[in-house]
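I have placed the structure first, in the form of structure tokens, so that the comments after it can refer back to it.
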Amino acid sequence: MVCLGNICRSPLAEGILKSKVDGSKVFVDSAGTEGWHQGNPPDQRSIDVAKYHHIDIANQRSRKFKASDFNEFDLILVMDKTNYIDIASKAESESDRQKIKLILDFSPNTYSEVPDPYYDGKNGFEFVYQLLDEACEIILSKI
Ligand code: 4NP
């Protein structure tokens, strides 16, 4: 799960997908295209919205996406098109590039990108949660 800062959207996406999969079979992680918040926990608003839905993401720590992640992961789910461009620029092969998908491509809703809620106040986080939960439910049925 990849977003820009790895403190708002992708930690939520990680927590939501982890809550749905068998952790002994599927490894879920998240990262940011930038390392500004490296080592920090998720934004308190993401922690709160996850907690409201009975998911604990407080122990996650932000990290920056690295080229070796292409070797570690089968699927790299990005939140928006800018994330896609940033991650695709690090791909060293066509098979790396094909691992990158916009997470909402898995969802039937009309949004193609998960909006960045960082500057949004609190309401944006519940909306992001709903978008991600719907997409993760479909991803679960495909992996
Ligand atoms: P995220 O949100 O990419 O969903 O984690 C952001 C977090 C931090 C910043 C921007 C977006 N920032 O500018 O620090």
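The values are calculated or read from the model by the stated rules, or taken from the named source; none is laboratory data. Given the structure is predicted, the values throughout are model-derived calculations rather than measurements. Cβ: placed from backbone, ideal geometry, glycine included. Neighbour counts: every protein chain shown. These area figures cover heavy atoms from the full protein model, side chains too; ligands, DNA and RNA do not enter into them. Shrake-Rupley method; radii C 1.70, N 1.55, O 1.52, S 1.80 Å.
What the table below lists for this structure:
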| item | result |
| --- | --- |
| Residue in segment 8-24 that is within 17 Å of residue 120 (Cβ to Cβ) and in contact with a Pro (Cβ under 6 Å, 6 or more places away or on another chain) present | yes |
| The listed residue being within 16 Å of the ligand (Cβ to nearest atom), exposed (fewer than 14 other Cβ atoms within 10 Å of the Cβ) and among the hydrophobic types (A, V, I, L, M, F, W, C), out of 85, 76, 103 | 85 |
| Residue list for segment 36-51, filter: open to solvent by 10 Å² or more (accessible area, probe 1.4 Å), in a helix (DSSP H, G or I) and in contact (Cβ under 8 Å) with a residue 12 or more places away in the chain | 45, 48, 49 |
| Segment 16-35, subset without any contact (Cβ under 8 Å) to a residue 40 or more places away in the chain and not in a loop (DSSP other than H, G, I, E, B), residue nearest to residue 61 (Cα to Cα) | 31 |
| Of residues in segment 115-143 being assigned to a loop (DSSP other than H, G, I, E, B) and not basic (Lys, Arg), the one surrounded by the fewest Cβ atoms within 10 Å (Cβ to Cβ) | 119 |
| Close pairs (8 angstrom Cβ cut-off, 6 or more residues apart or separate chains): part of a strand (DSSP E or B) in segment 91-114, acidic (Asp, Glu) anywhere | 102/80; 102/113 |
| Flag if residue 41 is in contact with a Lys or Arg (Cβ under 8 Å, 6 or more places away or on another chain) and within 13 Å of the ligand (Cβ to nearest atom) | yes |
